[in-house]
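Only one structure is covered here, and it is reproduced in the block below.
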Amino acid sequence: MSRPNEKHKIVEHYDLLSPYYHSLWGEHLHHGYWIRGDESKETAQIQLIEHLAQLANLKPGSRVLDIGCGYGGSSLYLAKNYSASATGITISPVQVEMANRAATTQNLDAKFLLMDAESLDFAAPFDLLWSMESISHYHDPARFFASAAKFLKPGGTFALTDWFRKAGLSAAERKKFIAPIDKAMFVELREMDEYATFLESAGFQILHRQDITERCAKTWDLGLEIIKNKSFWSLAAKLGPDFLTYLHGYQAVRSAISSGNFVYGLFVAQTPQTQDPHN
């Protein structure tokens, strides 16, 4: 049975659209975090990175793995502002090329690799795993978290944001509010409690868990304005019904936020300071 988050669909989508996202959405491919409410989209996006980095207690010079890095915005920011040595991974060849070109242009300690997050392969562990709005694309998040823990140093940190569905939705509510998002956005939304279970089962201690939907909801008001750009609808005429479904997904997310059924949340978790010698 086909799933909404089939990897080949995700690759095709981001290979095609990343240049458009970059020109219309900017350096960062994720939500904004509004503190006052009148900040620009760009400022709000930086505030989200800073909010997560501060909660993660990111130290200068840390080795960071940006999992599902898009075209590299977070990695480049952390390399520039925290002197991080950043490695980003994505399954989109176009995004790898865009991110590496930006790192070279800005002369930053960041490199980008074509790698499936569900098949991580690195020789040395990292100080921080970072993931913004990526894990909901994965087929087996529980297995992913168990694997990811192996690539962190003892006492290392995993900082993530993602899209979730409200806890306890009925089958009818999931069909009405969540299924259209899953289908349009190539995701399978879960509850925050499920991620908490996955993290704890993988040996993490959860340090911070926050529902920041209200701070981030304005993203979708702006997104609905941005996709009014004629270039997107010209693409829809060329690419057909799947892309049209994607564009209508923006309204589906906004409606789910308004009804309280879509949640934007974050976790910061840590591995034990010493490894269990029996593992």
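The values are calculated or read from the model by the stated rules, or taken from the named source; none is laboratory data. Here the structure is a predicted model, which means the values were calculated and not measured. Neighbour counts are summed over all protein chains in view; Cβ atoms, including those assigned to glycine, are modelled from backbone coordinates with ideal geometry.
Quick notes on this structure:
- Where strands (runs of 3 or more DSSP E) sit wholly within segment 1-114, those with at least 3 residues that are in contact with a strand residue (DSSP E or B) (Cβ under 8 Å, 6 or more places away or on another chain) and buried (at least 20 other Cβ atoms within 10 Å of the Cβ) occupy 63-67, 85-90.
- Screening the candidates 213, 219, 245 for the property of being out of contact with any Asp or Glu (no Cβ under 9 Å at 6 or more places or on another chain), at pLDDT below 95 and of a type in the set (Ser, Thr, Tyr) yields one hit, 245.
- Segment 197-211, residues that are surrounded by fewer than 20 Cβ atoms within 10 Å (Cβ to Cβ) and in contact with a strand residue (DSSP E or B) (Cβ under 6 Å, 6 or more places away or on another chain): 205, 206, 207, 208, 209, 210, 211
- Annotation note: Cβ proximity below 8 Å between a residue of segment 48-77 that is touching a residue at least 24 places away in the same chain (Cβ under 8 Å) and within 25 Å of residue 35 (Cα to Cα) and a residue that is of a type in the set (Asp, Glu) and surrounded by 24 or more Cβ atoms within 10 Å (Cβ to Cβ) (sequence gap 6+ or interchain) occurs for 72/66; 74/66; 75/66.
- Candidates are the residues of segment 115-134 that are buried (at least 20 other Cβ atoms within 10 Å of the Cβ) and of a type in the set (Ser, Thr, Tyr); the one that is nearest to residue 186 (Cα to Cα) is 134.
- Test for residue 77: is it over 14 Å from the mean Cα position of the chain (by Cα), of a type in the set (Phe, Trp, Tyr) and modelled with pLDDT of 95 or more: yes
- Residue match in segment 246-256 (condition: farther than 24 Å from residue 18 by Cα and either touching a Ser or Thr at 6+ places or on another chain (Cβ under 7 Å) or of a type outside the set (A, V, I, L, M, F, W, C) (or both)): yes
- Only one entry in 119, 136 is polar (S, T, N, Q) and in contact with a Lys or Arg (Cβ under 9 Å, 6 or more places away or on another chain), namely 136.
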